[in-house]
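Working notes for the structure below.
The values are calculated or read from the model by the stated rules, or taken from the named source; none is laboratory data. Fair warning: this is a prediction, and the values are worked out from it, not measured in the lab. We place every Cβ from the backbone using ideal geometry, glycine too, and count neighbours over all the protein chains shown.
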């Protein structure tokens, strides 16, 4: 799971990141324009968004994201707690609102609730596809109860593809989601990992669900016509 924190106060941003702990990958942006650029990559499971930001305020970030079709869930976290401010944020498309000073446990619980709602039938505990079960908490996969020997970021690649079943995922999108779009690693690493992942899946009879669309990316699907 990946979270973007858009907060200009670095101490508060760090506190939010620490509240989520090691279970989540966290990126941080410190003004509205930078946050908007990050969020536009559409690789996050949640955005924690402050309102009082330099360059572009949180309302502006929220409005532009929704206007551009970015549906990433947003939790607004701000010192502005007046009713009109809350209503404005929610009308612009925010999923929830939490005022500063915040309780860390409440922050995490609200964030988890938002992500559960956004994923519908998928839960934070497991992701299933036929006999394949992925556990995001332990980053382990099993097929009919038998462990799948995934190494390094192979689990993250598999989880992202399975969670987007039936959807085309570009190499760039996969790289940004798993390695981070600011990472210095070559994007060619995606092809290396997908190739290795396919070999592991073949041992369990699941390699056929990972389709390569030449020049476009990858699709995880049971449709033989793709």
task: Report yes if residue 127 is in contact with a strand residue (DSSP E or B) (Cβ under 8 Å, 6 or more places away or on another chain) and modelled with pLDDT of 90 or more, otherwise no.
output: no
- prompt: Yes or no: residue 67 farther than 17 Å from residue 31 by Cβ and surrounded by 21 or more Cβ atoms within 10 Å (Cβ to Cβ)?
  reply: no
query: Which of (1) more than 17 Å from residue 20 (Cα to Cα); (2) at pLDDT 90 or above; (3) touching a strand residue (DSSP E or B) at 6+ places or on another chain (Cβ under 7 Å) does residue 73 not meet, given it meets every other one?
result: (1)
query: Restricting attention to the stretch 85-96, does a residue exist that is in the same structural domain as residue 61 (by TED's automatic domain parsing), modelled with pLDDT under 85 and part of a loop (DSSP other than H, G, I, E, B)?
result: no
message: For the list (1) in contact with a strand residue (DSSP E or B) (Cβ under 6 Å, 6 or more places away or on another chain); (2) over 29 Å from residue 127 (Cα atoms); (3) in contact (Cβ under 8 Å) with a residue 40 or more places away in the chain, I need the number of the one condition that residue 86 fails.
response: (3)
query: Of everything in the stretch 39-56 that's more than 19 Å from residue 15 (Cβ to Cβ) and either in a helix (DSSP H, G or I) or touching a helix residue (DSSP H, G or I) at 6+ places or on another chain (Cβ under 6 Å) (or both), which residue is modelled with the lowest pLDDT?
result: 43
message: Restricting to the stretch 7-38, and then to whatever is under 21 Å from residue 178 (Cα atoms) and outside any helix (DSSP H, G or I), can you tell me which residue is farthest from the chain's Cα centre (by Cα)?
response: 29
- prompt: If you take the residues in the stretch 172-197 that are touching a strand residue (DSSP E or B) at 6+ places or on another chain (Cβ under 8 Å) and at pLDDT 90 or above, which one is surrounded by the most Cβ atoms within 10 Å (Cβ to Cβ)?
  reply: 197
